[in-house]
Amino acid sequence: MPRPTAAQLAYGSCTVIFSTLAMLLLSQTSSGLGVVVIALSALVLGLLVAMTVPVPKPAAPQVSVARPASVTLSEHRVAVRRETVAASSTPEPVRERA
């Protein structure tokens, strides 16, 4: 059985808490048996909600593109034109704070 995702845990927990509060407030029960029945039904409802949350599908398999044997990723090179910059003969004056 796969492990539950964070969304499943969150939805199930919120369902248990809110449905328990709603059923206790609406039924106005004060007996121990009534509270137990409401708590168990809230747990079942929370489990039902957690299991029906859509689970993300695994990524689709990637299709590999056939490359010629002469070109591989490690051998692929790009020609770069490099230029050198000559240093200026007169330095710029430096401004100092007074």
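The values are calculated or read from the model by the stated rules, or taken from the named source; none is laboratory data. Predicted, not measured: the structure shown is a model, and the values here were computed from it. Cβ placement follows ideal geometry from the backbone for every residue including glycine, while neighbour counts extend to all protein chains displayed.
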Q: Looking only at the range 2-24, count how many residues are free of Cβ contacts under 8 Å to residues at least 40 places away in the same chain and among the aromatic types (Phe, Trp, Tyr).
A: 1
Q) Any idea which residue in the range 47-98 is nearest to ALA6 (Cα to Cα), counting only those that are polar (S, T, N, Q) and modelled with pLDDT under 75? A) GLN62
Q: Please determine, by comparing only the residues of the range 15-35 that are aliphatic (A, V, I, L, M) and surrounded by fewer than 11 Cβ atoms within 10 Å (Cβ to Cβ), which one is farthest from the chain's Cα centre (by Cα).
A: LEU33
